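This report refers to the structure that appears directly beneath it.
The values are calculated or read from the model by the stated rules, or taken from the named source; none is laboratory data. Being a predicted model, the structure only gives us computed values, none of them experimental. All Cβ positions, even for glycine, are placed from backbone atoms using ideal geometry, and neighbour counts span all protein chains on display. Calculation scope for accessible area: heavy atoms of the full protein, side chains included, ligands and nucleic acids excluded. Shrake-Rupley method; radii C 1.70, N 1.55, O 1.52, S 1.80 Å.
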Amino acid sequence: MGRVRVVAAGETAESAGSWGYPRPDGPGGGSVVRRILLGSQLRRLRESRGITREAAGYSIRASESKISRMELGRVSFKARDVEDLLTLYGVADDAERGSLLGLAKEANVAGWWHSFGDVLPGWFQTYIGLEGAASLIRIYEVQFVHGLLQTESYAHAVVVRGMPDAPAAEIDKRVALRLERQKALVSENAPRLHVVLDEAALRRPYGDRSVMQDQLRHLIEVSEHPNITLQVMPFSFGGHAGESGAFTMLRFPESDLSDIVYLEQLTSALYLDKREEVALYERVMGRLCEDSPDPAGTRDLLRGLLQLI
């Protein structure tokens with residue numbers, strides 16, 4: 001995948017309330033990942049036969065750029081195209097062909113979040129699919145409590161702050177989508193979640209006093225869940241490793257898919273999977289975890305903040 005820039009107009013996923021993802025065994029939950037896996041396997045097969053993208057495209061009546069998009073997992077797959085490419089690449093074994101064609105079928109299953117397309121930016125759907133298929137999610141957040149850990153009232157305040165002119169129905173739908181996303185954390189195949197929140201995210205008020213109190217209590221409660229690790233980087237530590245800002249790291253159960261770092265900006269997002277780039281964020285996350293109070297100490301910090309509100 002390398003470095004992929006996805007551009008959107010004037011909206012960030014957290015502030016706009018664009019949340020929601022299923023586990024990979026749910027309908028469409030792993031379709032994005034499966035597209036990437038299938039594309040990667042087709043690329044390896046093509047390269048192993050010394051076939052150019054142009055020649056591959058010609059065989060399925062498509063352009064070289066279409067082959068490139070297929071191999072990057074950015075488009076859906078037609079069964080006939082996959083069959084023709086497998087034939088071109090010399091894949092004759094019925095079991096191997098059947099496996100790849102089955103992967104193509106699964107890759108085309110639409111995620112349930114597509115029904116929220118009216119409030120979900122198209123550029124963010126790739127992220128939802130990837131995060132929904134992750135087995136480990138690691139997050140550093142500085143602006144506000146991360147969407148996976150927000151209460152309904154806090155989420156409503158964040159969405160309103162991010163989209164002050166949106167109609168009430170749209171705001172409600174975005175909040176509902178975010179809450180739906182959180183169900184993954186208590187599902188049978190729940191991912192492991194490790195979040196480091198900067199203390200600034202807890203000091204910055206969203207909503208009134210009761211909203212912030214409920215949010216802090218919620219963080220204390222969810223931090224006890226066995227699959228959730230929560231730490232807070234306190235002001236008292238001073239400067240720390242997270243100086244470059246918020247980021248998310250995704251790890252997948254599929255061995256063929258590398259870890260991905262997701263960086264969200266005001267009008268775009270970056271997906272990084274180059275080993276050397278991911279390693280840098282691994283080190284930053286490791287230092288943040290090492291320098292922050294452990295989960296028990298974090299709960300004490302949260303209780304202290306609760307008394308100040």
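Considering only DSSP beta bridges whose two residues both sit in the chain, what percent are antiparallel, to the nearest 5? Walk me through the intermediate numbers first.
Details: 17 of 29 bridges.
Among the beta bridges of the chain, antiparallel pairing accounts for roughly 60 percent.
Helix 295-308 against the longest principal axis of the chain: what's the angle in degrees, Cα atoms only, rounded to the nearest 10? Computed tilt is about 50 degrees.
Set the Förster radius R0 to 35 Å, insert the Cβ-Cβ distance between Ser65 and Asp172 as r into 1/(1 + (r/R0)^6), and round the FRET efficiency to 0.05. Numbers along the way, then the final one.
On the way: r = 40 Å, r/R0 = 1.15.
With a Förster radius of 35 Å, E is 0.30.
Can you tell me the accessible area per residue over the chain, all protein chains present, probe 1.4 angstrom, in square angstrom?
Here the per-residue accessible area is 45 Å².
Ignoring the sites themselves, the chain has its longest run without GluC sites (Glu not before Pro) in a DSSP loop having at most 11 other Cβ atoms within 10 Å at 1-187.
Short-range pairs are left out: with C-alpha atoms under 8 Å and at least six residues apart, the relative contact order of segment 157-242 is 33 percent.
Helix 31-48 and the longest principal axis of the Cα set of the chain meet at an angle near 40°.
Classified by the C-alpha gyration tensor, segment 176-309 has a prolate form. Its axis ratio a/c, with a ≥ b ≥ c, is 1.5 or above, and a/b is larger than b/c.
Once the Cα-Cα distance is subtracted from the 0.36 nm per residue extended length, the Arg44 to Asp84 segment shows a gain of 12.8 nm.
Using just its DSSP H runs of length 4 or more, each adding -39500 (n - 2.57), the chain gives a mean residue ellipticity at 222 nm of -14500 deg cm²/dmol after division by all residues.
Considering only Val232, His218, Ala246, and ranking their Cα positions along the charge dipole of segment 173-309 that arises from unit charges at the beta-carbon of Lys, Arg, Asp and Glu, the one farthest toward the positive end is His218. Considering only alpha-carbon pairs that sit under 8 angstrom and 6 or more positions apart, the relative contact order computed for segment 63-193 is 21 percent. When the alpha-carbon atoms of the chain are used, the pair Rg, Dmax equals 21.2, 69 angstrom.
On the chain, 51 percent of the accessible area sits on carbon and sulfur atoms, based on a 1.4 Å probe.
Ordering Thr52, Thr298 by accessible surface, largest first, gives Thr52, Thr298; the 1.4 Å probe counts only protein heavy atoms, with every chain in place. Relative contact order, whole percent, for the chain stands at 26, derived from Cα pairs under 8 Å and 6 or more residues apart. When the chain is treated as a GNM with alpha-carbon contacts under 10 Å, the residue of Pro167, Pro293, Pro205 showing the greatest mean-square fluctuation is Pro167. Place +1 on the Cβ of every Lys and Arg and -1 on the Cβ of every Asp and Glu in segment 116-206, take the dipole about the Cα centre, and give the residue among Pro167, Ala200, Ala134 whose Cα lies farthest towards its positive end. Positive-most Cα among the choices belongs to Ala200. Among His194, His156, His240, the largest mean-square fluctuation in a Gaussian network model of the chain (Cα springs under 10 Å) belongs to His240. Computed about its Cα centre, the charge dipole of segment 73-215 is approximately 320 debye, with only Lys, Arg, Asp and Glu carrying charge at their Cβ.
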